[in-house]
Amino acid sequence: MLDISPAEWTAILLSLRVAVIATLVATPFGIALAWLLARKDFWGKSVLDAVVHLPLVLPPVVTGYLLLLTFGRRGLVGAFLADHLGIVFAFRWTGAALACGVMSFPLLVRPMRLSIEAIDRRLEQAAETLGAAPFKVFFTVTLPLALPGVLAGMVLGFAKAIGEFGATITFVSNIPGETQTISSAIYSLIQTPDGDAAAGRLVMISVGLAIGALIAAEWFARRATQRLHGN
Amino acid sequence: MLRVDVEKQLGEFSLQASFSSEGRVTGLFGASGAGKSSLINMIAGLLRPDRGTIVIDGDVVDDTAAGIHVPTYRRRIGYVFQDARLFPHLNVAQNLDYGRRMNRLAADPAQRTRVVDLLDIGALLDRRPGKLSGGERQRVALGRALLSKPRLLLLDEPLGALDEARKLEILPYLVRLRDEANVPMVYVSHDVAELRQLATQIVMLRQGRVTSFGGVKVLT
């Protein structure tokens, strides 16, 4: 039914790689930030919260351009990373992963934050009276109880990352085999005569991935409720 | 031995309490709002006194003048809350072993069996807390606190959330605990009958002040 060409496969596999790496790298940061926002009061908290959500409301092309300015070969951070650590983002798949990670970050953090907020803090107190130091409380009580939310956030972030288009194409362009993800491939195909069939196949694949992710996220959310009620 | 001499301002409410107890079960008695829970939370280290000292077994855990405040997790206390607070993601056996694991104590199967038998929770070991009745939950919480090998066991109205029948179900276990477990206890309650059965010494609190201290006979 789906007769996928090698070029399309390349785009699909690249999209998967970009989204998986973006999600895995973003997750520890997401958990840390979610915990900070859920549990701590500090100066500048609302600013931090707004900055995290910025990619959700900014035009993606603006986010992409800002990434280019910051992480491009001549950008402040980009030049440093390239000269000292040999990490280059501009026009590489790593740059696509960075763009996807940034764009999906608000979606990734939100369920994590909600699940941490939903945890009964008195359970953490109980753990402390049983001799658990704060970091042990986090790893044996907080994180396990928040796990379904963490997974839901990862799934949503992944779904967003795999479909990201605007920031990615602005930051790392649309190079087949290097930065051409499913979305940019579809964009190229519908501008080419006779590209409709190929575009249609890729569209079906991205719809399938998105629906799968939403179902998975919903399933994790339901698990979360069960877990908190101890059944 | 437990020595407490603390002051704490909580909004409008001021708590000023001083007592020392050698008793096996020190009952903290008073109406709700008398400051019992604040006091026991200070002994646990969950609440920090504004001024004063707390000494458990000769070990100073709070001394505001010297800037000492030992965090809860290093006080080696056990705490049984009114609402049990079992970990919902762990089964009963894992809940029981939690304190031992956190304190890096070697497994002590003999003690574990003793506590499990004492509280009759052997049949519950692989259940999740969500599947337990209120009374069962409280028994498991008792076992969990005991198995962390505390030097002092704090109980904050452990029967408060249970109906009369359940209370009568748990009370004998607490008596057995007092007579067999060999851990001094601080028992918070507003129920005279309960304290008469359990306590060996009474600290009576009223509006944040200790009004009397002595044997069970002060409960008149």
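Read the figures in this text as sums done on the coordinates, not as results from a lab. Source: prediction; values computed, not measured. Note: ideal-geometry Cβ built from the backbone for every residue, glycine included; neighbour counts use all protein chains shown.
For region B:2-218, how many pairs of lysine residues have a Cα-Cα distance under 28 Å, where the two are 8 or more positions apart or belong to different chains?
Step by step, the pairs that qualify in region B:2-218 add up to 8.
So for each of A:212-218, A:130-136, A:81-87, B:85-91 I average, over its residues, the number of other beta carbons within 10 Å; can you give me the resulting order with the highest mean first?
B:85-91, A:130-136, A:212-218, A:81-87
Whole-Hz Karplus ³J(HN,Hα) for region B:86-91, in order, using 6.51 cos²θ - 1.76 cosθ + 1.60 and θ = phi - 60°, x for Gly and Pro?
Ordered by residue, 3J(HN,Hα) equals 6, 6, x, 8, 10, 7 Hz.
Which value, in debye to the nearest 20, describes the size of the charge dipole of chain A about its Cα centre when Lys and Arg Cβ atoms bear +1, Asp and Glu Cβ atoms bear -1, and nothing else is charged?
It works out to roughly 640 debye.
Excluding A:E124 itself, calculate the net charge of residues whose Cβ lies under 10 Å from the Cβ of A:E124, where each Lys or Arg counts +1 and each Asp or Glu counts -1.
With Lys, Arg at +1 and Asp, Glu at -1, the net is +2.
List the residues whose amide H sits under 5 Å from the amide H of B:V203, counting only those 5 or more places along or on another chain, with H placed 1.01 Å from N in the peptide plane.
B:G27, B:L28, B:F29
Checking the a/c ratio against 1.5 first, then a/b against b/c, what shape does the Cα gyration tensor give for region B:2-218?
Judged from the Cα gyration tensor, region B:2-218 comes out prolate (a/c at least 1.5, a/b above b/c).
Once every DSSP H run of n ≥ 4 in chain A is given -39500 (n - 2.57) and the sum is divided by its residues, what mean residue ellipticity at 222 nm do you get, rounded to the nearest 500 deg cm²/dmol?
Rounded to the nearest 500, it is -25500 deg cm²/dmol.
Is region B:71-133 best put as rounded, prolate or oblate by its Cα gyration tensor, with a ≥ b ≥ c the root eigenvalues, rounded for a/c under 1.5, and otherwise prolate when a/b is larger than b/c, oblate when not?
oblate
With the contact rule set at Cα under 8 Å and sequence spacing of 6 or more, what percent relative contact order holds for chain B?
Relative contact order, chain B: 30 percent.
Per residue of A:144-151, what is the mean number of Cβ atoms on other protein chains within 10 angstrom of that residue's Cβ?
1
Whole-Hz ³J(HN,Hα) for each residue in region B:43-55, computed from phi via Karplus 6.51 cos²θ - 1.76 cosθ + 1.60 with θ = phi - 60°, x for glycine and proline: what do you get?
Values per residue, Gly and Pro as x: 4, 6, x, 6, 10, 9, x, 6, 8, x, 9, 9, 10 Hz.
Taking H as built 1.01 Å from N, whose amide H comes closer than 5 Å to the amide H of A:I87, not counting residues under 5 places away?
When sequence neighbours closer than 5 places are left aside, the close amide H contacts are A:A82.
If a/c stays under 1.5 just call it rounded; otherwise compare a/b with b/c (prolate if a/b is bigger, oblate if not). Do that for region B:1-88, with a ≥ b ≥ c from the square roots of the Cα gyration tensor eigenvalues.
rounded
Net charge near A:T23, counting Lys/Arg +1 and Asp/Glu -1 over other residues with Cβ under 13 Å of its Cβ?
With Lys, Arg at +1 and Asp, Glu at -1, the neighbours total +1.
Calculate the mean, over all residues of peptide A:133-139, of how many other protein chain Cβ atoms lie within 10 angstrom of the residue's Cβ.
Per residue, the average neighbour count from other chains is 2.
Just name one of A:T225, A:I205, B:L105: the one whose Cα is farthest towards the positive end of the charge dipole of the protein assembly as shown (beta-carbon charges, Lys/Arg +1, Asp/Glu -1).
Towards the positive end, the residue furthest out is B:L105.
With just the Cα atoms defining each centre, how far is region B:17-64 from region B:99-165? Give it in Å.
Between the Cα centres of region B:17-64 and region B:99-165 lies a distance of 23 Å.
Under 12 Å between alpha carbons, and skipping anything fewer than 8 positions from A:K136 in its own chain: which aspartates and glutamates qualify?
Output for A:K136: A:E124, A:E128.
Taking the Cα centre of each part, how many Å lie between region A:169-219 and region A:67-97?
Here the two parts' Cα centres lie 24 Å apart.
Read phi for every residue in region B:57-64 and hand back ³J(HN,Hα) as whole Hz from Karplus 6.51 cos²θ - 1.76 cosθ + 1.60, θ = phi - 60°, with x for Gly and Pro.
6, x, 9, 6, 9, 9, 8, 5
Is there a simple number for the mean count of other chain Cβ atoms within 10 Å of the Cβ of residues in B:84-92, and what is it?
Whole-number average of other-chain Cβ neighbours for B:84-92 is 5.
Where does the charge balance sit around B:M204 when Lys and Arg score +1, Asp and Glu -1, over other residues with C-beta under 12 Å from its C-beta?
+4
Name the long-range amide H neighbours of B:V186: under 5 Å, sequence gap of 5 or more, or other chain; modelled H, no Pro or chain starts.
Residues meeting the amide H criterion: B:T26, B:L153, B:L154, B:L155.
Using only DSSP helix segments of four residues or longer, with each worth -39500 (n - 2.57), what per-residue ellipticity at 222 nm results for chain B after dividing by its residue count and rounding to 500?
Rounded to the nearest 500, it is -9500 deg cm²/dmol.
Quick one: dipole size for chain B, taken about the Cα centre, charges +1 on Lys/Arg Cβ and -1 on Asp/Glu Cβ, in debye to the nearest 20.
Rounded to the nearest 20 debye, it is 440 debye.
Report, for chain B, the % of DSSP beta bridges that are antiparallel, rounded to 5.
Antiparallel: roughly 60 percent of the beta bridges in chain B.
Highest GNM mean-square fluctuation, chain B, Cα pairs closer than 10 Å: which of B:R196, B:R101, B:R178?
B:R101
Report the antiparallel proportion of the DSSP beta bridges in the protein assembly as shown as a percent, rounded to a multiple of 5.
60 percent
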